[in-house]
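Enquirer: Got a structure for you, written out below as structure tokens; questions coming shortly.
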Amino acid sequence: MLKLQLSELKRRYAFGERKFTDVDLSGLDLSGLNLENVNFQGSNLQGTNLKQSILTGANLTNCNLHRTNLYRANLSYANLVYSNLKEANCHRTWIENACLDYVCLERTDFSEAYLRNVSVEGSQFTKTDLTDATLIDVNLSQAYISEIYYTKLTKLCNCFQPEAVSDDFFDHIDNTIHEVRRSDFFN
């Protein structure tokens, strides 16, 4: 796996290259970068700082994102199938119309995150932090859930098929979704 330096990634992206498959980007500081439509398929992003990065439409299939900082990143329309997001910081991350099928989300921090129309089939939510998160049309009944963390401010709408949940499972959660504006979220 080729180790790619930040300057080389920036230079190649600026010249229009979007395909960076099977490269090692571990530990790099990619915070705040616009990496729309980038293809990192099979790449190692372990410990990479993607804080406030724009990864709209990114292909992150089969990527190692273990302990990656995705704080306030935009992962809308991204494909993360078979990726490892174990212990990743996804606090206040914005994810719409994305695919997170068969993803390891063990101890992942999704606190205050916004997820809408996200596929999570076969994904592992073990000790995942959903504190104050908003999930709309995220079918959690197709995922493996164990010991998730949530509060009364966690908003869930259309996240479970009625037969998949016991009557008292989410009694204390207010299921009313309040409108979240993208501009408020990223400020």
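Enquirer: Quick check: anything in the stretch 23-30 within 19 Å of V103 (Cβ to Cβ) and in contact with a helix residue (DSSP H, G or I) (Cβ under 9 Å, 6 or more places away or on another chain)? Talk me through it step by step, then tell me what you get.
Expert: First, the residues of the stretch 23-30 that are within 19 Å of V103 (Cβ to Cβ): 25-26.
From what is left, the residues that are in contact with a helix residue (DSSP H, G or I) (Cβ under 9 Å, 6 or more places away or on another chain) are 25.
Yes, that holds for at least one residue.
Enquirer: Continuing with this model, one more query. When you scan the stretch 124-134, do you find a residue that is surrounded by fewer than 17 Cβ atoms within 10 Å (Cβ to Cβ), of a type in the set (K, R) and modelled with pLDDT of 50 or more, even just one?
Expert: yes
Here's the yes/no breakdown for (1) modelled with pLDDT under 95; (2) touching a strand residue (DSSP E or B) at 6+ places or on another chain (Cβ under 8 Å); (3) hydrophobic (A, V, I, L, M, F, W, C); (4) within 28 Å of N37 (Cβ to Cβ):
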{"residue": "L80", "(1), (2), (3), (4)": "no, yes, yes, yes"}
{"residue": "S83", "(1), (2), (3), (4)": "no, yes, no, yes"}
{"residue": "C90", "(1), (2), (3), (4)": "no, yes, yes, yes"}
{"residue": "T93", "(1), (2), (3), (4)": "no, yes, no, yes"}
{"residue": "T108", "(1), (2), (3), (4)": "no, yes, no, yes"}
{"residue": "F160", "(1), (2), (3), (4)": "yes, no, yes, no"}
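Enquirer: Sort out which residues of the stretch 99-117 are surrounded by 23 or more Cβ atoms within 10 Å (Cβ to Cβ) and either in a loop (DSSP other than H, G, I, E, B) or touching a residue at least 60 places away in the same chain (Cβ under 8 Å) (or both), and write them in order of number.
Expert: L100, V103, L105, T108, F110, A113
Enquirer: Restricting attention to the stretch 47-70, which residues are more than 19 Å from R18 (Cα to Cα), within 11 Å of the chain's Cα centre (by Cα) and in a loop (DSSP other than H, G, I, E, B)?
Expert: T68, L70
Enquirer: Kindly provide the set of residues from the stretch 1-46 that are of a type outside the set (S, T, Y), in contact with a Lys or Arg (Cβ under 7 Å, 6 or more places away or on another chain) and on the phi < 0 side of the Ramachandran plot, ordered by number.
Expert: Within the stretch 1-46, D24, V38, N39, Q46 qualify.
Enquirer: Tell me which residues, restricted to the stretch 1-46, are within 24 Å of T108 (Cβ to Cβ) and part of a strand (DSSP E or B).
Expert: If the condition is that a residue be within 24 Å of T108 (Cβ to Cβ) and part of a strand (DSSP E or B), then V23, D24, D29, N34, N39, N44 are the ones that fit.
Enquirer: How about the stretch 125-154: which of its residues are in contact with a strand residue (DSSP E or B) (Cβ under 9 Å, 6 or more places away or on another chain), outside any strand (DSSP E or B) and among the charged types (D, E, K, R)?
Expert: K127, D132, D137, E147
The values are calculated or read from the model by the stated rules, or taken from the named source; none is laboratory data. What you are looking at is a predicted structure, and each value in this text was computed from that prediction instead of being measured. Reconstructed Cβ throughout: ideal geometry from the backbone, glycine too, with neighbour counts over all protein chains shown.
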